[in-house]
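The values are calculated or read from the model by the stated rules, or taken from the named source; none is laboratory data. Since the structure is predicted, the reported quantities are computational estimates derived from the model, not experimental observations. Note that each Cβ is placed from the backbone with ideal geometry, even for glycine, and that neighbours are counted across all protein chains shown.
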Amino acid sequence: MIAEFGHFALTLAFAVALYQMIVPMIGAAKGWQGWMDSARPAAMAQFLLTGLSFAALTVAFVTSDFSLKLVYENSHTAKPMIYKISGVWGNHEGSMLLWVLILSLFGAAAAAFGSNLPPSLRARVLGVQASIGAAFYAFILFTSNPFLRLANPPFDGRDLNPLLQDPGLAFHPPFLYLGYVGLSMAFSFAIAALIEGRVDAAWARWVRPWTLAAWMFLTVGIALGSWWAYYELGWGGFWFWDPVENASFMPWLLAAALLHSAIVVEKREALKSWTILLAIMAFGFSMIGTFIVRSGVITSVHSFASDPARGVFILAILAVFMGGGLTLYAARAGEMTAKGVFSPVSREGALILNNVLLAVSAFVVFIGTMWPLFAEMMWDRKLSVGAPFFNQAFTPFMIVLAIVLPLGAIMPWKRATLMRSAKPLRAALILSIAVMVLVWSVSTGRSAIAVIGAGLGAWLIAGAAAELIHRTGKSGLSRLVRLPRADWGKAVAHSGLGVTFIGVGLLTAWQTEDIRVAQIGEPFELSGYQITLTAVDEVQGPNYVSTMATMQVARDGRQVATMHPEKRVYPVQAMPTTEAAIDNGIFRDIYLVIGDAQADGGWAVRSYIKPFANWIWAGSILMALGGLISLSDRRYRVAAGARRAHANAVAAE
């Protein structure tokens, strides 16, 4: 009965979305206040109904209701409770229900906290948001119904994919979707502004908090996915340029560009047309990611589904919203004239360069991701584009971006000189050079990646600190404490990027690896550590059988850690997984993987020493924290300044 209730609630949510898509838009066009105001309760009702539907599916998973086809295919009675819950979105149908739940959440949030918006703009924003929801409700109800019943319910289920039975993967999709779907708000604001024919500083102030929140969630989601791949897959890597990884990375890059370009619109009334285009493209790339994951057109270990019919439906949604948005953009582009005049050497100029680098980087990733598909369609050739292409094509843009960021952030608006702007950064430059010399001195015979990564990371961190100090002037600490939270957030986010640069550079260049057949009781050495396999035991888990090794790690005769790498087999799916053992440290990780038993009685063992690995995810956390600090700035939460600016603009007409 509860499944039917969930299905009914989802159908009602679809009907409410259709109402919200049509009635408020007509009201905004006709100036009918009541029709415009109806968008707010409709958005709330849509979120409530979708939440009830999602709750019904969650109850079915928690209670192991195997009469539901989805529960039968993705759950099992022996599965731990956390994975019964995460199993709700660990599949195509459930993840799409989470997708529309988050979409309706953002719509409800805009209705609840959008009282400062002009009524017509608010009605149009909620109307566009509802149109996206209506398209995806239709997709779920007609192609991906999560509430289908089985005529003869089985006694038990097929279990969730063992790779997804992990805490990192339990939280990775919700954060990723909060970022993906959150960019729909930027799209809705862009389309609403194009319909109204008004893009100004007020609009930029209103759109920035939503974009910032989406970018922050997307940062956390990508970091969680990277962290999961690092410790769960047993390969020891943090990024593999997999198509689905790229699908989340491209909108992240475009959202970062959108955040920076919106600053220029807000401060200088320039880059209006470009900012609107970025808002459309950022959400468009989110939908491209949805298409890649669920269509099966590109092979990926992360793909949810490979049903061509579903792929065609998503492609149609993508064509409607991207095609419609770009058509409207082309029709209105001539009306979005820039008011601010500025020199190429200025903060505006630096932000434009920042945008170009981020946008081109996203385009490079897109070409590398989609090229195998294009090659097969056009020339009937099977091609693969791997990490070497992405590393060589993508890295130069990131290097230039890191060089430009501190200098651009400290430049004045409108007009600047390079020499004067660089003066506050002299100490940061000296520090970064010193770090490069230090890293080079201990990197003899190794890759230059460590030197470049460490130097650029130090430049970003020291540059962010130098900018804060420069903004205080002669006021000292008292002025530093009173700086706006947005300034602190920017400094923390830029520092986080610097920490990630250091982690990626030093890990890539300095990691060491050993692959061997280890005998029990016989130590071997790796980078000054003595590693000994002392025992291998069979362990019974809640829903798996584990081959668990016990390995002692010592250095200079002192025991450092006792570690337990595992090979698990999940009997229901007959699927093995690798569980690496990792001894985390601030400056290094010891990473051990147990393989198969060998004929001579030994065991295949892979051992790694990974310097500064955790700095990669620490940097991501700092970037997200910087976004959160900026989001807490009252000016962005209530857009008070924007409302005043908008009121003044209206009064002047």
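Filtering region 188-220 down to residues that are charged (D, E, K, R) and outside any helix (DSSP H, G or I), which residue is nearest to A123 (Cα to Cα)?
First, the residues of region 188-220 that are charged (D, E, K, R): 196, 198, 200, 205, 208.
Right, trim to outside any helix (DSSP H, G or I) and you get 198, 200.
On the way: R198: 15, D200: 18 Å.
Here the answer is R198.
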| said: For K382, only one of the following conditions fails: (1) within 19 Å of A262 (Cβ to Cβ); (2) in contact with an Asp or Glu (Cβ under 8 Å, 6 or more places away or on another chain). What is its number? | reply: (1)
| task | Give region 15-48 a look and list any residue that's crowded, with 22+ Cβ neighbours inside 10 Å and either on the phi > 0 side of the Ramachandran plot or of a type in the set (A, V, I, L, M, F, W, C) (or both), or say none. | result | V16, A17, M25, A28, M36, A39, A42, A43, F47
| remark: Picked from region 357-395 (must be surrounded by fewer than 18 Cβ atoms within 10 Å (Cβ to Cβ) and hydroxyl-bearing (S, T, Y)), the residue nearest to M287 (Cα to Cα) is S384
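Residue check: is A270 farther than 20 Å from W617 by Cβ, in contact with a helix residue (DSSP H, G or I) (Cβ under 6 Å, 6 or more places away or on another chain) and not in a helix (DSSP H, G or I)?
Considered against the rule, which asks whether it is farther than 20 Å from W617 by Cβ, in contact with a helix residue (DSSP H, G or I) (Cβ under 6 Å, 6 or more places away or on another chain) and not in a helix (DSSP H, G or I), A270 comes out as yes.
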| request: For A535, work out the one condition from (1) loosely packed, with under 14 Cβ neighbours inside 10 Å; (2) in contact with a Leu (Cβ under 7 Å, 6 or more places away or on another chain); (3) aliphatic (A, V, I, L, M) it doesn't fulfil. | output: (2)
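How many residues are out of contact with any helix residue (DSSP H, G or I) (no Cβ under 7 Å at 6 or more places or on another chain) and surrounded by 21 or more Cβ atoms within 10 Å (Cβ to Cβ) if we restrict to region 196-225? Write out each step before concluding.
So the first thing to find is which residues in region 196-225 are out of contact with any helix residue (DSSP H, G or I) (no Cβ under 7 Å at 6 or more places or on another chain), and the list is 198.
Subsequent filtering for residues that are surrounded by 21 or more Cβ atoms within 10 Å (Cβ to Cβ) retains none.
Result for region 196-225: 0.
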| message | Checking the conditions here, which among A486, A465 is part of a helix (DSSP H, G or I), closer than 23 Å to R420 by Cβ and modelled with pLDDT under 95? | response | A465
| said: Need pairs with beta-carbon distance below 7 Å; first residue without any contact (Cβ under 8 Å) to a residue 40 or more places away in the chain and within region 59-78, second surrounded by 19 or more Cβ atoms within 10 Å (Cβ to Cβ); sequence gap 6+ or separate chains. | reply: F61/V71; F61/S75; F61/K84; F61/G87; F61/V88; V62/K84
| Is there any pair linking a residue in region 580-595 that is closer than 21 Å to L506 by Cα and touching a residue at least 40 places away in the same chain (Cβ under 8 Å) to one that is surrounded by fewer than 21 Cβ atoms within 10 Å (Cβ to Cβ) and among the acidic types (D, E), with Cβ under 7 Å and at least six apart or on different chains, and which? | I590/D583
| Are there any pairs with C-beta distances below 8 angstrom linking a residue in region 322-349 that is more than 17 Å from V128 (Cβ to Cβ) to a residue that is aromatic (F, W, Y) and modelled with pLDDT of 85 or more, with the two at least 6 apart or on different chains, and if so which? | F342/W413; S346/W413; R347/W413; E348/W413
| message | Condition first: over 14 Å from A13 (Cα atoms), touching a Lys or Arg at 6+ places or on another chain (Cβ under 9 Å) and charged (D, E, K, R). Can you find one or more residues in region 118-129 that meet it? | response | yes
| request: Inspect all residues belonging to region 76-98 and state whether any of them is β-branched (V, I, T), closer than 30 Å to R205 by Cβ and out of contact with any strand residue (DSSP E or B) (no Cβ under 8 Å at 6 or more places or on another chain). | output: no
| Hey, any hits in region 107-127 for a residue that's crowded, with 22+ Cβ neighbours inside 10 Å, of a type in the set (S, T, N, Q) and modelled with pLDDT of 90 or more? | no
| message | Looking at region 396-445 only, could you name the residues that are more than 18 Å from S495 (Cβ to Cβ), among the aliphatic types (A, V, I, L, M) and in contact (Cβ under 8 Å) with a residue 60 or more places away in the chain? | response | M411, A416, L418, V439
| query | Given the conditions (1) in a helix (DSSP H, G or I); (2) surrounded by 24 or more Cβ atoms within 10 Å (Cβ to Cβ); (3) touching a Gly at 6+ places or on another chain (Cβ under 8 Å), which single one is not true for V88? | reply | (1)
| task | Among the residues of region 193-223, write down those that are over 23 Å from R332 (Cα atoms) and in contact with a His (Cβ under 7 Å, 6 or more places away or on another chain). | result | G221
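Here's the yes/no breakdown for (1) surrounded by 15 or more Cβ atoms within 10 Å (Cβ to Cβ); (2) out of contact with any Ser or Thr (no Cβ under 6 Å at 6 or more places or on another chain); (3) outside any helix (DSSP H, G or I):
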| position | (1), (2), (3) |
| --- | --- |
| F397 | yes, no, no |
| L405 | yes, yes, no |
| S421 | yes, yes, no |
| V437 | no, yes, no |
| W440 | yes, yes, no |
| A454 | yes, yes, no |
| message | Test of understanding: among V264, V244, which residue is of a type in the set (V, I, T), in a helix (DSSP H, G or I) and either within 30 Å of I515 (Cβ to Cβ) or in contact with a His (Cβ under 8 Å, 6 or more places away or on another chain) (or both)? | response | V244
| query | Do any residues in region 540-568 that are within 19 Å of A78 (Cβ to Cβ) have Cβ atoms under 6 Å from those of residues that are outside any strand (DSSP E or B) and among the aromatic types (F, W, Y), where the two are at least six apart or on different chains, and which pairs are they? | reply | R568/Y544
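Hey, among I531, I582, which residue is under 31 Å from the mean Cα position of the chain (by Cα) and under 29 Å from S443 (Cβ atoms)? Show your work before the answer.
Details: I531 fails: under 31 Å from the mean Cα position of the chain (by Cα).
Of the residues listed, the single one that is under 31 Å from the mean Cα position of the chain (by Cα) and under 29 Å from S443 (Cβ atoms) is I582.
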| message | What's the total number of residues in region 333-352 that are part of a helix (DSSP H, G or I) and surrounded by fewer than 18 Cβ atoms within 10 Å (Cβ to Cβ)? | response | 3
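Take G27 and decide whether it is at pLDDT below 95 and assigned by TED's automatic domain parsing to the domain that holds R124.
Details: at pLDDT below 95: no; assigned by TED's automatic domain parsing to the domain that holds R124: yes.
Considered against the rule, which asks whether it is at pLDDT below 95 and assigned by TED's automatic domain parsing to the domain that holds R124, G27 comes out as no.
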| Counting only residues that are part of a helix (DSSP H, G or I) and small (G, A, S), which one in region 493-529 is surrounded by the fewest Cβ atoms within 10 Å (Cβ to Cβ)? | A509
